[in-house]
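Bear in mind that the values in this text are calculations on the coordinates, not laboratory data. Computed from a predicted structure; not experimentally measured. We place every Cβ from the backbone using ideal geometry, glycine too, and count neighbours over all the protein chains shown.
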Amino acid sequence: MSTSTLKYSAETSNALLKEVMDRSGQNLMSCYQCRRCASGCPVGEETGVTPDRLVRMILLGEKEDALNNLLVWKCVACYTCGTRCPNNIHTSRINETLKQMSKEAHAKPLLLKVAAFHSAFMKSISHFGRSNELEFMGLYQMENVKKGGLSALIADIKSLSKLGIAMLRKKRMHFKLDKTKGRSEITALYNRSAKRQGPKE
Ligand code: SF4
Ligand code: SF4
């Protein structure tokens with residue numbers, strides 16, 4: 001668990017706080033550091049950053065640390081922090097915002113596979129309004145090669161083949177390309193976000 005002292009940066013704190021609050025819809029100003037969120041987070045110990053600490057980083061303007069820490073990439077969006085928070089702060093939404101901001105800044109992701117998964121998932125959703133397992137797997141492996149090279153692809157296929165077979169057996173792999181209602185709105189949202197990220201993503 002990270003215990004290093006955080007430093008206040010007047011230069012970045014206001015802009016960072018405003019951007020994260022606006023984009024995540026979370027009122028970070030109401031956090032009084034009670035740490036109820038930290039006690040329930042399943043990945044806080046492993047990542048070395050608990051939700052309360054992430055909020056503190058943002059409040060103090062530690063932009064680099066806020067954009068580059070494992071909690072942002074390993075958060076499993078279980079919503080435990082949000083349901084425990086007396087001020088209704090959902091760190092999973094903050095993490096999603098920081099992930100997007102990190103992509104927009106073209107920072108090297110701390111976990112290449114998670115970044116590839118995230119990009120493929122978002123792209124697949126933009127096409128059908130929901131994720132289609134087959135399309136998603138194809139996109140994910142393409143992202144994997146782009147980010148981690150051919151060795152990442154081979155290692156991943158080896159580790160995922162068993163899971164794929166089990167999913168097929170249990171009929172959890174859908175071949176039909178179903179589309180949802182309101183797909184054009186989802187596509188428009190995705191395109192807006194992609195535009196913010198610029199040409200390199
Ligand atoms: S539970 Fe809410 S108020 Fe308490 S530290 Fe976590 S984010 Fe802040
Ligand atoms: S949503 Fe993310 S940050 Fe919150 S408790 Fe779950 S894993 Fe931790």
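Data overview
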item: Single residue of segment 77-111 satisfying the filter (among the aliphatic types (A, V, I, L, M) and under 12 Å from Leu67 (Cβ atoms)) that is nearest to ligand 1 (Cβ to nearest atom); result: Ile94
item: Spans of helices (runs of 4 or more DSSP H) in segment 67-177 with at least 1 residues within 16 Å of ligand 2 (Cβ to nearest atom) and loosely packed, with under 14 Cβ neighbours inside 10 Å; result: 80-84
item: Residue list for segment 33-52, filter: farther than 23 Å from Glu104 by Cα, in a helix (DSSP H, G or I) and either of a type in the set (Val, Ile, Thr) or within 14 Å of ligand 1 (Cβ to nearest atom) (or both); result: Arg36, Cys37, Ala38, Ser39, Gly40, Gly44, Asp52
item: Scope segment 17-36; condition within 11 Å of Val55 (Cα to Cα) and not hydroxyl-bearing (Ser, Thr, Tyr); matching residues; result: Leu17, Val20, Met21, Gln26, Asn27, Leu28, Met29, Cys31, Gln33, Arg35
item: Test: residue in segment 49-59 that is surrounded by fewer than 20 Cβ atoms within 10 Å (Cβ to Cβ) and farther than 26 Å from Lys195 by Cα; result: yes
item: Extreme residue, surrounded by the fewest Cβ atoms within 10 Å (Cβ to Cβ), among residues of segment 34-48 that are under 9 Å from Cys81 (Cα atoms) and within 9 Å of ligand 2 (Cβ to nearest atom); result: Gly40
